[in-house]
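Presented below is the structure to which this report refers.
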Amino acid sequence: MKTLTVSFYDTKSYDRQAFLDAAGGDAGMECHFHEFRLSVETAASAAGCEAVCVFVNDRVDAACISMLAELGVKLIALRCAGFNNVDLAAAKAHGIAVVRVPAYSPHAVAEHTLALLLTLNRQIHRAYNRVRDSNFSLHGLVGFDVNGKTVGIVGTGKIGRVTAELFRGFGVRLLGYDPFPNTEWAAATGLEYTTLETLLAQCDIVSLHLPLTPQSRYLIKAETVAHMKRGAFLINTSRGKLIDTTAVIDALKSGHLGGVALDVYEEEEGIFFEDHSGRPLLDDELSRLLSFPNVLITSHQAFLTHEALAQIAGSTLDNLHRLRNGDAWRDGTAL
Ligand code: NAI
């Protein structure tokens, strides 16, 4: 059988382990794992490879794709669901196929969304540090009951739906906004679809579960934050550029937003997934966000469960095998 050579970018030990476990010693696949990200500056490293495997912060723009085409790369395999970092038109023009992992444990991201909300609301992050410092005071740790609140789910796709179902367990009123509403599921779940404006105006908690597209960029900006209820909590586990960080910082300073939990940040590339301890953090807006006691940030880790990693590795290998065998991609994987 023909051997397929693949360059993997922006890999960490947990990615490599998941892929090696899923491949199970597949002799037909030669994997080159790189820690650096793919961009036009690093694309030369794909020489001799028929496929590249990339993640959320690799910069696969037109210049990078043109170089990959010159090197004979036939496939860009995203090991994630979002594909906003790949220039699909450029790939098409060069005859390079682009595939992704359209679905993997939506529970991983939905459960992390709930973990962020509960941690921030009940101030578990602050309590954890206090108690370890023998400070058993409860001052400043007052939260609210999630029960009885109104929760808004923006984007009711795979992850938004699981998130809504988890929230339902708390006994909340559920509002949803999606240009393609899933009315049958909504009726069964007890979610009411409404406009984005009404959702923002009525919800105590707003959670974003939509893809980043030119239309959804800065969905949350000064004008939309102004529609939000005073004291509302905003959670973003989707993509950083859905939020105008400057507007959110202003709303935190004025007290208009009660809390912000982020797993993604608009300028996360080059910061998230890396250890920057021991050096100054050069991103002033991220530093400002981190200075608020009512902001909780994780470093794009919502997907990071054993189950999700195994599913990502399995689907990506399946996509690569299809290239090797000349088979068509499965529905939803090809872009
Ligand atoms: P999906 O494709 O199943 O659902 C997305 C939903 O958003 C669809 O129902 C779509 O109609 C809706 N939508 C599109 N434009 C919209 C708009 N302007 N306003 C409101 N809704 C809109 O996607 P899935 O699997 O639920 O993932 C959602 C997002 O989560 C992904 O696009 C990705 O950016 C993010 N994600 C983050 C991860 C993390 O580790 N933090 C991991 C996986 C995904």
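The values are calculated or read from the model by the stated rules, or taken from the named source; none is laboratory data. Not measured: the values here are computed from a predicted model. A quick note on method: Cβ atoms are made from the backbone with ideal geometry, for glycine too, and the neighbour counts reach across all protein chains shown.
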Can Gly143 be described as touching a Leu at 6+ places or on another chain (Cβ under 9 Å) and touching a residue at least 12 places away in the same chain (Cβ under 8 Å)? yes
Considering each residue of the stretch 202-258, count those that are within 15 Å of the ligand (Cβ to nearest atom) and of a type outside the set (D, E, K, R), and give that number. 25
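Restricting the stretch 272-302 to residues that are within 15 Å of the ligand (Cβ to nearest atom) and β-branched (Val, Ile, Thr), which is nearest to Leu234 (Cα to Cα)?
Step one: filter the stretch 272-302 for residues within 15 Å of the ligand (Cβ to nearest atom), giving 272-273, 296-302.
Going one step further and asking which of them are β-branched (Val, Ile, Thr), we end up with 297-298.
Details: Ile297: 12, Thr298: 14 Å.
Step by step, filter the stretch 272-302, then rank; the result is Ile297.
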The stretch 140-170: number of residues that are within 29 Å of Asn129 (Cα to Cα), β-branched (Val, Ile, Thr) and in a loop (DSSP other than H, G, I, E, B): 2
Flag if Ser207 is at pLDDT 95 or above, surrounded by 15 or more Cβ atoms within 10 Å (Cβ to Cβ) and not aromatic (Phe, Trp, Tyr): yes
Out of Val52, Val98, Val56, which single residue is assigned to a strand (DSSP E or B) and within 16 Å of the ligand (Cβ to nearest atom)? Val98
Hey, can you tell me all the residues within the stretch 1-33 that are surrounded by fewer than 17 Cβ atoms within 10 Å (Cβ to Cβ), outside any helix (DSSP H, G or I) and not hydrophobic (A, V, I, L, M, F, W, C)? Lys2, Thr3, Thr5, Lys12, Gly24, Gly25, Gly28, Glu30, His32
Under 8 Å between Cβ atoms, at least 6 apart or on separate chains: pull out the pairs that start in the stretch 253-267 with a residue that is without any contact (Cβ under 8 Å) to a residue 24 or more places away in the chain and of a type outside the set (Lys, Arg) and end on any residue that is part of a helix (DSSP H, G or I) and more than 12 Å from the ligand (Cβ to nearest atom). none
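For (1) crowded, with 24+ Cβ neighbours inside 10 Å; (2) farther than 20 Å from Lys149 by Cβ; (3) free of Cβ contacts under 8 Å to residues at least 24 places away in the same chain; (4) within 16 Å of the chain's Cα centre (by Cα), each residue gets a yes or a no:
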| residue | (1), (2), (3), (4) |
| --- | --- |
| Thr198 | no, no, yes, no |
| Gln202 | no, no, no, no |
| Pro211 | no, yes, no, yes |
| Pro214 | no, yes, yes, no |
| Tyr218 | no, yes, no, yes |
| Lys229 | no, no, no, no |
| Leu234 | yes, no, no, yes |
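Only one of Ser238, Ser254 is crowded, with 22+ Cβ neighbours inside 10 Å, modelled with pLDDT of 95 or more and of a type outside the set (A, V, I, L, M, F, W, C). Can you tell me which? First the steps, then the outcome.
Values: Ser254 fails: crowded, with 22+ Cβ neighbours inside 10 Å.
Selected residue: Ser238, the only one of Ser238, Ser254 that is crowded, with 22+ Cβ neighbours inside 10 Å, modelled with pLDDT of 95 or more and of a type outside the set (A, V, I, L, M, F, W, C).
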From Ala115, Ala69, Ala63, which residue is without any contact (Cβ under 8 Å) to a residue 24 or more places away in the chain and not assigned by TED's automatic domain parsing to the domain that holds Pro211? Ala63
So for the stretch 303-318 (the condition being more than 16 Å from the ligand (Cβ to nearest atom) and without any contact (Cβ under 8 Å) to a residue 24 or more places away in the chain), does at least one residue qualify? yes
Which residue pairs have Cβ atoms under 6 Å apart, sit 6 or more places apart or on different chains, and have a first residue in the stretch 171-184 that is within 15 Å of Ser216 (Cβ to Cβ) and assigned to a loop (DSSP other than H, G, I, E, B) and a second that is within 12 Å of the ligand (Cβ to nearest atom) and among the small types (Gly, Ala, Ser)? Asp178/Gly155
Residue within the stretch 41-56 that is under 23 Å from Leu212 (Cβ atoms), buried (at least 21 other Cβ atoms within 10 Å of the Cβ) and touching a residue at least 60 places away in the same chain (Cβ under 8 Å) present: yes
Considering only residues that are surrounded by 15 or more Cβ atoms within 10 Å (Cβ to Cβ) and either more than 11 Å from the ligand (Cβ to nearest atom) or aromatic (Phe, Trp, Tyr) (or both), which ones fall in the stretch 172-191? Val172, Arg173, Leu174, Leu175, Tyr177, Ala186, Thr189, Leu191
